[in-house]
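Asks: Mind having a look at this structure? Questions to follow.
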């Protein structure tokens with residue numbers, strides 16, 4: 001192939017590395033009001049009185065807004081297809097503040113200095129109540145995070161705000177308890193993952209202004225432009241037709257920007273004042289009032305027979321959604337649906353969960369989206385079962401892993417039509433030198449090295465829900481304009497989708513001009529999340545190209561005065577297969593494009609959408625080598641090897657950097673990153689001085705290889721890659737630690753202190 005599966009450079013690479021103005025704040029109107037939010041110092045309190053008069057008198061202040069000034073219809077900030085599975089539990093501003101950092105008032109002014117001064121002059125009287133901070137005490141606690149009567153869950157998912165339950169469910173296949181009772185070997189363990197911050201380079205930011213038609217224009221760093229349009233409309237209680245969302249370049253999202261964290265604040269300021277307004281979150285705000293990964297506690301029960309064949313799997317997840325329910329009911333599902341199906345042998349499985357409200361910062365979407373937490377638990381438990389049996393954990397996995405062609409009952413009954421997981425395991429073992437290094441090697445001087453491995457799966461879009469759409473038109477001179485609704489957030493989808501189009505249309509890549517997302521212009525797309533873009537929007541590109549080629553042939557037949565059946569599209573031209581002597585044998589695409597500009601009744605453009613009844617999972621195996629000082633417990637990651645099955649990569653260069661970036665984030669989750677709270681509900685890690693994000697020096701040698709499969713439902717055999725790559729570091733490193741010193745770490749992050757104390 002000419003472009004697909006080729007290492008094409010990102011189309012915007014030079015603009016980004018040369019500092020061209022491409023991001024939200026670069027493009028915001030120069031006369032924007034500066035918007036900031038007064039945030040609650042209490043985890044659970046009611047605003048009894050709020051005085052803003054002195055703040056409003058500060059020179060340059062345009063408005064000070066409180067709960068009295070905003071609509072009173074509840075909504076959700078979760079970027080999900082309507083009807084959202086997350087509960088309507090928010091107001092722009094509420095009398096009831098539910099975590100330290102919750103919004104109390106909005107201040108907008110001409111300068112940052114004026115706004116900061118005004119914020120200090122607002123006087124608030126709070127009725128402080130005891131917060132619910134412990135996930136184990138949240139369910140059925142008499143202290144309610146959401147006592148309001150207008151709380152609403154639009155889809156029945158087991159939520160009950162009067163029980164502090166955001167969602168709850170049980171799913172069972174076979175009789176798990178009966179099967180477990182007959183198993184020769186069983187293991188039952190509990191694993192705990194804490195919240196993690198996405199720490200994208202570009203913090204949350206949005207600029208808003210009114211156009212000359214009186215419509216609200218929202219310029220935002222977001223993954224979900226079409227959902228932003230709907231959510232902002234609901235929040236402001238205005239029709240969505242009055243909102244237009246434009247997405248520039250995004251300096252990273254990783255799921256954080258699948259939640260409408262900041263957009264509503266400048267939006268309501270602009271609606272109230274008629275003036276342009278913008279908000280830019282500080283790093284401090286992004287650490288204390290954003291949308292981190294859900295804290296989860298996962299209990300796993302496994303049972304197998306004498307031969308090591310898994311008979312039953314039982315997973316229960318307790319998830320902490322924090323103060324609000326964004327993505328709470330959906331992330332938790334992946335903790336079971338993306339971990340249990342890794343194994344194809346069990347006769348029975350059960351997956352149950354509770355998602356609870358607490359007075360902590362609201363959680364949201366983060367790369368891996370619940371699968372990361374569940375896979376840490378299940379892949380750790382598999383190693384613990386192997387240790388109990390005295391079996392090599394690789395052998396146990398090979399006896400039980402899902403293989404191509406098998407049905408996955410715990411994955412909505414889908415069939416693994418493209419699965420190279422067995423080859424991924426073999427490749428990762430080869431890359432790490434497993435046979436020579438397992439289980440451990442004494443390095444002398446009190447140090448020991450060991451290896452550990454884990455498997456993972458994810459998905460490709462949300463089956464039966466997500467939609468990708470593309471419009472392509474032929475311009476004069478024969479080049480193409482391609483308008484997409486998918487949000488490039490640094491992943492390079494503008495490039496990979498152009499590659500697919502160039503391949504389908506048999507043209508040069510430079511002939512495809514890609515336009516970013518503008519909800520007034522772009523065809524509808526669910527957004528860039530759930531690993532959907534390459535798989536879903538890629539197929540929309542394929543379908544659109546086929547439709548457009550038919551239109552080109554029809555127009556060429558008109559110009560060449562012949563039948564469409566007698567024509568062949570070659571990319572640059574349309575050629576007659578059997579042209580009579582003396583008649584025109586072909587016409588160039590350039591001429592077709594130019595001719596269509598005059599006396600033409602049919603636009604040379606096509607729009608197609610694509611959705612999928614299945615979500616083919618990518619697979620991977622990751623292997624870690626660690627070195628531990630037995631005197632101090634100090635751990636160092638020596639190398640990490642990853643073998644990934646993402647179908648056929650559309651662009652191996654971009655797939656590789658996606659993998660490397662995801663591994664770095666996974667290693668951070670495994671070893672460094674933590675979100676902890678004081679007894680009053682304050683986040684301790686409110687800056688990069690406290691929140692430990694790994695640098696390139698902290699992640700050891702990273703190796704990435706691809707074990708290709710062919711996904712029949714994807715574009716040119718492609719599946720997703722964006723999320724799968726974060727899922728293996730935590731269990732692989734935990735398994736390596738156990739192999740090194742016999743200490744099983746079941747609570748992330750894996751620190752020197754935990755290892756040292758475990759050895760005592």
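The values are calculated or read from the model by the stated rules, or taken from the named source; none is laboratory data. Values in this document were obtained by computation on a predicted structure and should not be read as measured data. As a convention, Cβ positions derive from the backbone with ideal geometry for all residues, glycine included, and neighbour counts pool all protein chains shown.
Asks: Let me confirm something: among 55, 43, which residue is surrounded by 15 or more Cβ atoms within 10 Å (Cβ to Cβ), out of contact with any strand residue (DSSP E or B) (no Cβ under 6 Å at 6 or more places or on another chain), at pLDDT 95 or above and not in a strand (DSSP E or B)?
Replies: 43
Asks: Now for a different question. Could you grab me the full set of residues in region 292-322 that are part of a loop (DSSP other than H, G, I, E, B) and under 18 Å from the mean Cα position of the chain (by Cα)?
Replies: Correct list: 292, 293, 294.
Asks: Looking at 388, 373 in this structure, which one is farther than 17 Å from residue 724 by Cβ and assigned to a helix (DSSP H, G or I)?
Replies: Criteria check complete, one pass: 388.
Asks: For region 170-177, state whether one or more residues are surrounded by fewer than 17 Cβ atoms within 10 Å (Cβ to Cβ), under 23 Å from residue 73 (Cα atoms), modelled with pLDDT of 95 or more and under 25 Å from the mean Cα position of the chain (by Cα).
Replies: The answer is no, given that none of the residues of region 170-177 is surrounded by fewer than 17 Cβ atoms within 10 Å (Cβ to Cβ), under 23 Å from residue 73 (Cα atoms), modelled with pLDDT of 95 or more and under 25 Å from the mean Cα position of the chain (by Cα).
Asks: Of the conditions (1) in contact (Cβ under 8 Å) with a residue 24 or more places away in the chain; (2) surrounded by fewer than 24 Cβ atoms within 10 Å (Cβ to Cβ); (3) touching a helix residue (DSSP H, G or I) at 6+ places or on another chain (Cβ under 7 Å), residue 523 clears all except one; give me its number.
Replies: (3)
Asks: Scan region 550-572 for residues that are touching a strand residue (DSSP E or B) at 6+ places or on another chain (Cβ under 8 Å), more than 19 Å from residue 502 (Cβ to Cβ) and touching a residue at least 12 places away in the same chain (Cβ under 8 Å) and report the count.
Replies: Qualifying residue count, region 550-572: 6.
Asks: Just to check your reading of the model, which residue among 508, 436 is without any contact (Cβ under 8 Å) to a residue 60 or more places away in the chain and either in contact with a helix residue (DSSP H, G or I) (Cβ under 8 Å, 6 or more places away or on another chain) or surrounded by 22 or more Cβ atoms within 10 Å (Cβ to Cβ) (or both)?
Replies: It is 508.
Asks: Give region 710-747 a look and list any residue that's crowded, with 24+ Cβ neighbours inside 10 Å and assigned to a loop (DSSP other than H, G, I, E, B), or say none.
Replies: Matches in region 710-747: 711, 714, 719, 720, 721, 722, 723, 727, 728.
Asks: Further question on the same structure: How many residues are surrounded by fewer than 17 Cβ atoms within 10 Å (Cβ to Cβ) and more than 26 Å from the chain's Cα centre (by Cα) when one looks only at region 145-162?
Replies: Qualifying residue count, region 145-162: 6.
Asks: Additional query: Just to be sure, is residue 325 crowded, with 20+ Cβ neighbours inside 10 Å, in a loop (DSSP other than H, G, I, E, B) and not assigned by TED's automatic domain parsing to the domain that holds residue 669?
Replies: Here the answer is yes, as residue 325 does meet what is asked.
Asks: Can you tell me which of 361, 389, 313 is over 22 Å from residue 670 (Cα atoms), buried (at least 24 other Cβ atoms within 10 Å of the Cβ), modelled with pLDDT of 95 or more and in contact with a strand residue (DSSP E or B) (Cβ under 9 Å, 6 or more places away or on another chain)?
Replies: 313
Asks: Which residues, counting only those in region 663-694, are in contact with a strand residue (DSSP E or B) (Cβ under 9 Å, 6 or more places away or on another chain), under 24 Å from residue 732 (Cβ atoms) and crowded, with 23+ Cβ neighbours inside 10 Å?
Replies: Listed by number, the residues that qualify are 663, 666, 667, 669, 670, 671.
Asks: If you don't mind, there's one more thing I want to ask. Give region 426-469 a look and list any residue that's closer than 30 Å to residue 485 by Cβ and either touching a strand residue (DSSP E or B) at 6+ places or on another chain (Cβ under 6 Å) or part of a helix (DSSP H, G or I) (or both), or say none.
Replies: 456, 457, 467, 468, 469
Asks: Which members of region 695-709 meet the condition of being touching a residue at least 60 places away in the same chain (Cβ under 8 Å) and assigned to a helix (DSSP H, G or I)?
Replies: Residue satisfying the conditions is 698 alone.
Asks: What number goes with the only condition from (1) loosely packed, with under 13 Cβ neighbours inside 10 Å; (2) touching a strand residue (DSSP E or B) at 6+ places or on another chain (Cβ under 6 Å); (3) under 30 Å from residue 494 (Cα atoms) that residue 23 does not pass?
Replies: With (1) loosely packed, with under 13 Cβ neighbours inside 10 Å; (2) touching a strand residue (DSSP E or B) at 6+ places or on another chain (Cβ under 6 Å); (3) under 30 Å from residue 494 (Cα atoms) applied to residue 23, the lone miss is (1).
Asks: Assess whether residue 463 counts as being within 30 Å of residue 609 (Cα to Cα), surrounded by fewer than 24 Cβ atoms within 10 Å (Cβ to Cβ) and within 27 Å of the chain's Cα centre (by Cα).
Replies: Answer is yes for this residue.
Asks: Find the strands (runs of 3 or more DSSP E) located wholly in region 113-222 whose residues include 1 or more that are free of Cβ contacts under 8 Å to residues at least 60 places away in the same chain and assigned by TED's automatic domain parsing to the domain that holds residue 235, and list them.
Replies: Output list reads 216-220.
Asks: Oh, and also: Here are 21, 29, 71, 7: which of them is in a loop (DSSP other than H, G, I, E, B) and either without any contact (Cβ under 8 Å) to a residue 40 or more places away in the chain or in the same structural domain as residue 500 (by TED's automatic domain parsing) (or both)?
Replies: That would be 21, the only listed residue that is in a loop (DSSP other than H, G, I, E, B) and either without any contact (Cβ under 8 Å) to a residue 40 or more places away in the chain or in the same structural domain as residue 500 (by TED's automatic domain parsing) (or both).
Asks: Give just the number: which of (1) on the phi > 0 side of the Ramachandran plot; (2) assigned to a helix (DSSP H, G or I) does residue 254 not satisfy?
Replies: Answer for residue 254: the failing condition is (2).
Asks: Residue 509 - would you say it is farther than 30 Å from residue 402 by Cα and touching a strand residue (DSSP E or B) at 6+ places or on another chain (Cβ under 9 Å)?
Replies: Judged against the criteria, residue 509 is not a match.
Asks: Suppose we filter 423, 403 for residues that are more than 30 Å from residue 78 (Cβ to Cβ), outside any strand (DSSP E or B) and touching a helix residue (DSSP H, G or I) at 6+ places or on another chain (Cβ under 9 Å); which single one remains?
Replies: Going through 423, 403 in turn, the sole match is 403.
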